[in-house]
Amino acid sequence: MSGATKTHPELSETFNQDEARVDWHDETLWWIRQKRDKSAGSIPEWETLREKASQIKDHVLSELAGYLVSFEENAKANGIIVHWAADALEHNQIVHSILEKHGISQMVKSKSMLTEECHLNEYLEQKGIGVIDSDLGERIVQLAKEPPSHIVLPCIHKKKEEIGDLFHLHLGVPAGTSDPQILTEAARQHLRETFLTRKAALTGVNFAIAETGEFVVCTNEGNADMGAHLADVHIACMGIEKIIPKRKHLGVFLRLLARSATGQPVTTYSSHFKKPRKGQEMHIVLVDNGRTVQMGREDFRASLKCIRCGACMNTCPVYRRSGGHSYHYAISGPIGAILAPNLDREKYADLPFASTLCGSCSNVCPVKIDIHQQLYKWRQVIVKEGYAASSKKLSMKLMTFTLSSPGVYRTAGKAGRWVLKHIPFAVNNQFNPWYKQREMPAVPKESFGEWYKKENQ
Amino acid sequence: MSRDQILAALRQNQPEPVPLPLAIPTDREEVVDLVTKFKTVAEGIGSTIYLPDNLQEIQTTITSIFSKEKRILTTVPELVSPDIPLFQLNEDPHTYADVDVAIFNSSLGVAENSALWLTEDQMGIRVLPFITQHIVILIKISGLVADMHTAYQKIGTADYGFGTFIAGPSKTADIEQSLVLGAHGPRSMTIFMYV
């Protein structure tokens, strides 16, 4: 782990200092998880849908090169300009060159996790180009100079009073405003002005259809459409894994996406962009940035099936209690912890350990990614390659020694129970990270083994 | 350059071909009354539904609900009246920034999520369904289908420049998960379902 970046445990510790806020964060996300359950439960064929979605994605990954070629061909025939970017830098350069060609110095952008991954805003700002994020949550974190803490709910960590303060400072709302209705209205007025004055709009892509060369963008706010339909230049950026074979497959994915994300039956807008409007220029940037490498890792390939719904975050007991920023990567939560080490094993060595491996993420995933199993596999890779924190290496060696000998295991168990009972401060101290923000459990009188023996005498 | 590198890397790293599943699930256990289902879902996400008997009733309802609004326009010629002028195309989308009410005709509605399908030719201009303060959509009951699979069967391989499913007024819950209608697009959605 590099010294510059704080690790997940360190960042979680900061988040955990405000206990009331942690509880609130935890409960808010669990409420969204419950809405997801209710919505999924109302579809009798939900599990069949998940299975189909998973199979379609498996198929796409196995023939991705061919599908990308047909997508490109069909998109070009539709009048869209197609670009390919090997990495984040090339992606940023392509976007910049398009803007430069048109002499555009201000752009409006709807939600795109890919551009977060590539740090596009920072890149363009260095080149003197201003970017305004138009999704309300993203605009809020942008004003706060923070990254999004959740891929679907970018400012889920913020209280309405804090948003009121930001809007007072930047948008001139009266001090002390915290009514979501009034704050949203202020953002609407401010962003409407932005939409009406920008010549270029960038959007993300939820699904790109090989068969037709069109791409689909889903929003609730209508911000992607407001930007794209008013601008002279529309740039859509997508990871190469967003391809689906045919239009009819949208039926499967659009049924799953919003229900998994927020419990809504569908997003307010599912917009299908097939051709530029008359007089408009439309670009698509297809980005690799490590995806072809992940494709080659058999154990982690399935992470490329992700449709970015955020369900794994909402359900994750670690995410809910440590907050999205503790993951120090554009995509937080369980799926982010699988994607990040692919790009930089050293910098993100801590992330696969930010999990209880309870498996809840895999159970809610609409495309059936084996998320918790991949987290477990990353841990092995990271330890083997020597990137694990030294405290983890030592404890793992001790654990291996203890678990490989029944005698040592029994003695260790007894000793542990004795310590917890008689000298609790030996574990209830600042050197034990588990004890932070937690109480140690009550001590059982006997081990399971001892109890079992007694019961079966 | 990057194109060929990416494709070459994929061809090398892709797994053995996995077949595409043939059937899309249509084994629904739930038999739905499409109108009731559509109405319930639409009202649940903040839309207002009317079941008028004739076109005249649609006209008078629109005129009375939106009596205070200044710029109303319809892309549905049958609804034109002294109060509801017909949409006129101006290729600069910015000229529609002050539209208060825009009326459209959809030919496809999805009962499971109350989404209505509009294509560019039904919109007049792409920006209109988004930039208007209030949106009104007409849908014939015969245009309703049960779910998204059936919807895409109906869309088939139709050619369009742009098409969108619209389900309700634009909305956000980004501030402490409090639902607010009217994020950037329409503040309200009114749907007329007729025979």
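The values are calculated or read from the model by the stated rules, or taken from the named source; none is laboratory data. What you see is a predicted model, and the numbers here were worked out from it, not measured in a lab. Glycine also receives a Cβ, built like all others from the backbone with ideal geometry; neighbour counts cover every protein chain displayed.
The residue that is nearest to the chain's Cα centre (by Cα), counting only those in region A:41-91 that are among the acidic types (Asp, Glu) and either outside any helix (DSSP H, G or I) or more than 9 Å from chain B (Cβ to nearest Cβ) (or both), is A:Asp87.
Taking helices (runs of 4 or more DSSP H) as the structural unit, those lying wholly within region A:149-263 and holding at least 3 residues that are at negative phi and surrounded by 24 or more Cβ atoms within 10 Å (Cβ to Cβ) correspond to A:180-197, A:223-230, A:250-261. Would you point out which residue out of A:Glu281, A:Glu298 is farther than 29 Å from A:Gln373 by Cβ and either under 23 Å from the mean Cα position of the chain (by Cα) or more than 7 Å from chain B (Cβ to nearest Cβ) (or both)? Of A:Glu281, A:Glu298, the one residue that is farther than 29 Å from A:Gln373 by Cβ and either under 23 Å from the mean Cα position of the chain (by Cα) or more than 7 Å from chain B (Cβ to nearest Cβ) (or both) is A:Glu281. Of everything in region A:118-162, what is in contact with a Lys or Arg (Cβ under 6 Å, 6 or more places away or on another chain) and facing chain B (nearest Cβ under 8 Å)? Give them in sequence order. Answer for region A:118-162, where residues must be in contact with a Lys or Arg (Cβ under 6 Å, 6 or more places away or on another chain) and facing chain B (nearest Cβ under 8 Å): just A:Asp135.
One residue stands out in region A:387-411 among those that are of a type in the set (Gly, Ala, Ser) and either modelled with pLDDT under 80 or over 21 Å from A:Glu450 (Cβ atoms) (or both): the one that is surrounded by the most Cβ atoms within 10 Å (Cβ to Cβ), namely A:Ala388. If you go through region B:129-142 one residue at a time, do you hit one that is at the interface with chain A (Cβ under 7 Å from one of its Cβ atoms), farther than 16 Å from A:Lys274 by Cβ and small (Gly, Ala, Ser)? No, every residue in region B:129-142 fails to be at the interface with chain A (Cβ under 7 Å from one of its Cβ atoms), farther than 16 Å from A:Lys274 by Cβ and small (Gly, Ala, Ser).
Applying the condition of being under 18 Å from B:Tyr152 (Cα atoms) and within 7 Å of another protein chain (Cβ to nearest Cβ) to region B:10-25 and asking which residue is modelled with the lowest pLDDT yields B:Pro25.
For region B:177-189, the count of residues that are under 10 Å from the mean Cα position of the chain (by Cα), outside any strand (DSSP E or B) and either more than 7 Å from chain A (Cβ to nearest Cβ) or in contact (Cβ under 8 Å) with a residue 40 or more places away in the chain (or both) is zero. The requirement of being without any contact (Cβ under 8 Å) to a residue 40 or more places away in the chain and not small (Gly, Ala, Ser) is fulfilled nowhere in region A:215-226; no residue meets it. Looking across region B:73-132 at every residue that is among the aliphatic types (A, V, I, L, M) and over 19 Å from the mean Cα position of the chain (by Cα), the one that is surrounded by the fewest Cβ atoms within 10 Å (Cβ to Cβ) is identified as B:Leu89.
Restricted to region A:343-457, the set of helices (runs of 4 or more DSSP H) holding at least 3 residues that are over 22 Å from the mean Cα position of the chain (by Cα) comprises A:371-384, A:390-403, A:406-422, A:448-455.
Of the residues making up region A:293-311, one or more are more than 13 Å from A:Ile335 (Cβ to Cβ) and among the hydrophobic types (A, V, I, L, M, F, W, C). Screening A:Glu116 with (1) buried (at least 24 other Cβ atoms within 10 Å of the Cβ); (2) in contact with a Pro (Cβ under 9 Å, 6 or more places away or on another chain) gives one miss only, at (1).
Each row is one residue, and each column tells you yes or no for (1) touching a Leu at 6+ places or on another chain (Cβ under 7 Å); (2) not assigned by TED's automatic domain parsing to the domain that holds A:His157.
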{"position": "A:Leu11", "(1), (2)": "no, yes"}
{"position": "A:Thr14", "(1), (2)": "no, yes"}
{"position": "A:Ile32", "(1), (2)": "no, yes"}
{"position": "A:Lys35", "(1), (2)": "no, yes"}
{"position": "A:Leu61", "(1), (2)": "yes, no"}
{"position": "A:Asp87", "(1), (2)": "no, no"}
